[in-house]
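J.: Sharing a structure below in structure tokens format, with a few things to ask.
The values are calculated or read from the model by the stated rules, or taken from the named source; none is laboratory data. All values derive from a computational prediction rather than experimental measurement. Quick reminder, even Gly has a Cβ in these numbers, built from the backbone with ideal geometry, and neighbours come from all protein chains shown. With ligands, DNA and RNA removed, areas are computed over all heavy atoms of the protein, side chains included. Shrake-Rupley method; radii C 1.70, N 1.55, O 1.52, S 1.80 Å.
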Amino acid sequence: SSIWIKRKSCIYMTSKIPLNTIKISEKACEKVKEFAANESRDKYGLKVAVRAGGCSGLEYILEIVDGPDENDKIISQNGLEVYIPKKAYIFLAGTFLDYSDGLNGKGFEFINPNAKAVCGCGESFTL
């Protein structure tokens, strides 16, 4: 399942998030639960990963999945399990994931203190 992602670079918001975890807003959790309900999923979690790609070198991946893979770090927040591959965790530590449905568009927003630059289109980042 694909989820529309909106990216944003706001490092000031991440200062309250410990670098050994990521934080998912209640609004983002509710949106994931809504997407899962639309797909009639009973047991699910959110896979948050990073892969090579985009104009800046790395891009975020969000996917609703049935459960974690063997090497995933599992974080539970607001009644949602989030699965992060251990190889991606170094790129995501300290990140805040939110959901925006304002006038500037709808989608998930990654506020990542590790991102040194974000592509103009918001589709990728670099460290």
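J.: With GLY45, GLY107, GLY79 as the choices, which residue is out of contact with any Ser or Thr (no Cβ under 8 Å at 6 or more places or on another chain), buried (at least 17 other Cβ atoms within 10 Å of the Cβ) and small (Gly, Ala, Ser)?
T.: On the way: GLY107 fails: out of contact with any Ser or Thr (no Cβ under 8 Å at 6 or more places or on another chain); GLY79 fails: buried (at least 17 other Cβ atoms within 10 Å of the Cβ).
Of GLY45, GLY107, GLY79, the one residue that is out of contact with any Ser or Thr (no Cβ under 8 Å at 6 or more places or on another chain), buried (at least 17 other Cβ atoms within 10 Å of the Cβ) and small (Gly, Ala, Ser) is GLY45.
J.: Only one of these is part of a strand (DSSP E or B), surrounded by fewer than 18 Cβ atoms within 10 Å (Cβ to Cβ), touching a residue at least 12 places away in the same chain (Cβ under 8 Å) and of a type outside the set (A, V, I, L, M, F, W, C): GLU59, GLU63. Name it. Step through it out loud before you land on a result.
T.: Numbers: GLU59 fails: surrounded by fewer than 18 Cβ atoms within 10 Å (Cβ to Cβ).
Just a single option satisfies the conditions, and that option is GLU63.
J.: Does GLU63 meet the test of being under 12 Å from the mean Cα position of the chain (by Cα), modelled with pLDDT of 90 or more and of a type in the set (D, E, K, R)?
T.: On the way: under 12 Å from the mean Cα position of the chain (by Cα): yes; modelled with pLDDT of 90 or more: yes; of a type in the set (D, E, K, R): yes.
Criteria met by GLU63.
J.: Search the stretch 41-58 for residues being under 26 Å from GLY79 (Cα atoms) and of a type in the set (D, E, K, R), and hand back the single one that is modelled with the lowest pLDDT.
T.: The qualifying residue modelled with the lowest pLDDT is ASP42.
J.: Just name the residue that is modelled with the lowest pLDDT out of those in the stretch 3-40 that are open to solvent by less than 60 Å² (accessible area, probe 1.4 Å) and of a type in the set (Ser, Thr, Tyr).
T.: THR14
J.: Which residue pairs have Cβ atoms closer than 7 Å, lie 6 or more positions apart in sequence or on different chains, and pair a first residue in the stretch 20-46 that is farther than 17 Å from ASP66 by Cα with a second residue that is open to solvent by less than 50 Å² (accessible area, probe 1.4 Å) and among the aromatic types (Phe, Trp, Tyr)?
T.: If the second residue must be open to solvent by less than 50 Å² (accessible area, probe 1.4 Å) and among the aromatic types (Phe, Trp, Tyr), the pairs left are LYS23/PHE96; SER25/TYR99; LYS27/TYR99; ALA28/TYR99; ALA28/PHE108.
J.: Please enumerate the residues belonging to the stretch 82-102 that are open to solvent by 40 Å² or more (accessible area, probe 1.4 Å) and closer than 13 Å to SER25 by Cβ.
T.: Matches in the stretch 82-102: ASP101 only.
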